[in-house]
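K.L.:
Quick one: the structure is below, questions incoming.
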Amino acid sequence: MQSYEFPELREGVRQVVSQFDSRYWQEVDEARAFPEKFVTALTEAGWLSGLIPEEYGGSGLSLTEASVVMEEINRAGGNSGACHGQMYVMGCVVRHGSQKQKDDLLPRIASGQIRMQSMAVTEPTTGSDTTKLKTTAVRKGDRYVVNGQKVWTSRLQHSDYMLLLARTTPLAEVQKKSEGLSVFLVDLREAVGKSITVRPIRNMVNHETNEIFIDNLEIPVENRIGDEGKGLKYILDGLNAERILIAAECIGDGHWFVDRAKTYAQERVVFDRPIGRNQGVQFPIARAHVNVEAASLMRWRACELFDAGLPCGSEANMSKLLAADASWEAANVCLQTHGGFGFAAEYDIERKFRETRLYQVAPISTNMILSYIGEHVLGMPRSY
């Protein structure tokens with residue numbers, strides 16, 4: 001048995017997720033609803049506070065262990081995308097927040113009293129070009145006044161607090177374009193419906209995400225995380241964890257698709273023989289399995305470096321790329337193996353197919369990862 005298998009941890013997660021069967025997820029998907037009971041159960045069991053230090057009521061898990069939690073949720077047919085923000089968004093407070101912010105927020109997040117699983121960074125006109133975002137935060141005395149617009153702000157309607165990235169120094173006045181951005185804690189309970197207008201975005205996946213309009217939002221200075229102007233660094237610091245955890249989710253998806261495909265291929269009899277006896281069916285499933293296993297190894301490597309406090313940007317990006325590709329390949333293989341039945345909602349394949357497709361695009365697209373590797377690992381000219 002490999003040290004990374006964590007049988008007891010996996011069994012603990014399965015005990016929770018097994019309470020939510022195929023019918024539950026189909027009903028949630030059909031209603032375009034938030035899986036509230038599922039997220040509450042995971043929170044009460046302590047799995048979503050895994051990365052919060054024990055001194056604040058969390059489990060103090062390593063990222064390696066946290067990745068197993070995310071993997072198992074998806075491997076059981078669930079959708080971590082509904083709650084994975086609760087696992088990593090609070091990391092910005094853990095690593096860069098003031099002692100007062102930590103003491104106030106982390107115990108309440110760990111206990112489930114409040115949720116902070118939303119992050120407002122992306123804007124409709126700038127996309128991945130974050131340094132050019134247009135949302136501004138102007139300091140006036142002991143408060144900042146924020147105006148702007150964000151898009152793809154996920155899980156906001158099921159969060160109490162949100163992280164917000166805004167420009168506090170105009171781009172023309174900074175020496176480096178990555179400077180002059182600050183990150184803030186926003187109490188959504190006070191702001192939504194007043195200075196924040198929320199417009200839900202209906203999308204291919206049952207994924208609660210929104211466009212938000214910010215009009216003269218006042219944020220107390222004590223709600224700024226860390227130093228003014230260093231916010232982009234703080235946000236980027238947590239993205240490696242995000243990418244590794246999402247890689248783990250894709251690995252869970254990949255295993256789910258392979259397991260479904262191999263089982264169906266063994267059971268489905270056409271022309272008096274199981275279809276899995278045909279190499280045209282068997283080999284794609286076997287290749288999908290190989291690629292999921294290979295992606296998992298890169299995930300373990302990225303986790304190992306992260307947990308050791310070593311640079312892991314390349315490995316985090318590569319693990320996300322490989323895992324997203326592997327899960328998408330497995331999804332196609334599983335759908336093809338099932339033929340027409342793969343399109344029937346009762347088999348769950350079309351739902352999981354849609355869910356795993358997202359990770360070719362988010363939270364960072366395949367092309368952005370390849371650009372990063374080309375420039376920062378291979379030393380080729382910057383491509384954008």
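K.L.:
Answer yes or no as to whether Ile214 is out of contact with any Pro (no Cβ under 6 Å at 6 or more places or on another chain), touching a residue at least 24 places away in the same chain (Cβ under 8 Å) and closer than 29 Å to Gly313 by Cβ.
P.N.:
Against the criterion (out of contact with any Pro (no Cβ under 6 Å at 6 or more places or on another chain), touching a residue at least 24 places away in the same chain (Cβ under 8 Å) and closer than 29 Å to Gly313 by Cβ), Ile214 does not qualify.
K.L.:
Keeping to the stretch 26-80, report how many residues are surrounded by fewer than 17 Cβ atoms within 10 Å (Cβ to Cβ) and free of Cβ contacts under 8 Å to residues at least 12 places away in the same chain.
P.N.:
The number of residues fulfilling the criteria is 5.
K.L.:
Sticking with this one: When you scan the stretch 85-104, do you find a residue that is surrounded by fewer than 19 Cβ atoms within 10 Å (Cβ to Cβ), in a loop (DSSP other than H, G, I, E, B) and over 17 Å from the mean Cα position of the chain (by Cα), even just one?
P.N.:
Yes, the stretch 85-104 contains a residue that is surrounded by fewer than 19 Cβ atoms within 10 Å (Cβ to Cβ), in a loop (DSSP other than H, G, I, E, B) and over 17 Å from the mean Cα position of the chain (by Cα).
K.L.:
Could you tell me which numbered condition Asn147 fails, if it satisfies all but one of (1) polar (S, T, N, Q); (2) surrounded by fewer than 17 Cβ atoms within 10 Å (Cβ to Cβ); (3) under 21 Å from Val89 (Cα atoms)?
P.N.:
For Asn147, the exception is condition (3).
K.L.:
Also: Select from the stretch 345-378 the residues that are within 25 Å of Ala330 (Cβ to Cβ), among the β-branched types (Val, Ile, Thr) and assigned to a helix (DSSP H, G or I) and list them in ascending order.
P.N.:
Passing the criteria: Ile349, Thr356, Thr366, Ile369, Ile373.
K.L.:
Moving on. Out of curiosity, is Lys262 surrounded by fewer than 16 Cβ atoms within 10 Å (Cβ to Cβ) and of a type outside the set (Ser, Thr, Tyr)?
P.N.:
no
K.L.:
Let me ask something else. Condition first: surrounded by fewer than 23 Cβ atoms within 10 Å (Cβ to Cβ), free of Cβ contacts under 8 Å to residues at least 12 places away in the same chain, out of contact with any helix residue (DSSP H, G or I) (no Cβ under 8 Å at 6 or more places or on another chain) and over 24 Å from Asp237 (Cα atoms). Can you find one or more residues in the stretch 165-172 that meet it?
P.N.:
Yes, the stretch 165-172 contains a residue that is surrounded by fewer than 23 Cβ atoms within 10 Å (Cβ to Cβ), free of Cβ contacts under 8 Å to residues at least 12 places away in the same chain, out of contact with any helix residue (DSSP H, G or I) (no Cβ under 8 Å at 6 or more places or on another chain) and over 24 Å from Asp237 (Cα atoms).
K.L.:
Looking for something assigned to a helix (DSSP H, G or I), within 23 Å of the chain's Cα centre (by Cα) and more than 26 Å from Ser365 (Cβ to Cβ) - is there at least one such residue anywhere in the stretch 292-307?
P.N.:
yes
K.L.:
Exactly one of (1) surrounded by 22 or more Cβ atoms within 10 Å (Cβ to Cβ); (2) not in a helix (DSSP H, G or I); (3) not β-branched (Val, Ile, Thr) is unmet by Pro381. Its number?
P.N.:
Among (1) surrounded by 22 or more Cβ atoms within 10 Å (Cβ to Cβ); (2) not in a helix (DSSP H, G or I); (3) not β-branched (Val, Ile, Thr), the lone unmet condition for Pro381 is (1).
K.L.:
Considering only helices (runs of 4 or more DSSP H) fully contained in the stretch 15-76, which possess at least 3 residues that are under 17 Å from the mean Cα position of the chain (by Cα)?
P.N.:
36-44, 63-75
K.L.:
Can you pull out every residue in the stretch 217-250 that is basic (Lys, Arg) and either within 26 Å of Tyr372 (Cβ to Cβ) or free of Cβ contacts under 8 Å to residues at least 12 places away in the same chain (or both)?
P.N.:
If the condition is that a residue be basic (Lys, Arg) and either within 26 Å of Tyr372 (Cβ to Cβ) or free of Cβ contacts under 8 Å to residues at least 12 places away in the same chain (or both), then Lys230, Lys233, Arg243 are the ones that fit.
Rule-based calculations on the coordinates, nothing more; no lab input. Just so we're clear, the structure is a prediction, and the values are computed from it rather than from any experiment. Positions of Cβ are generated from backbone atoms using ideal geometry, with glycine treated the same way; all protein chains shown enter the neighbour counts.
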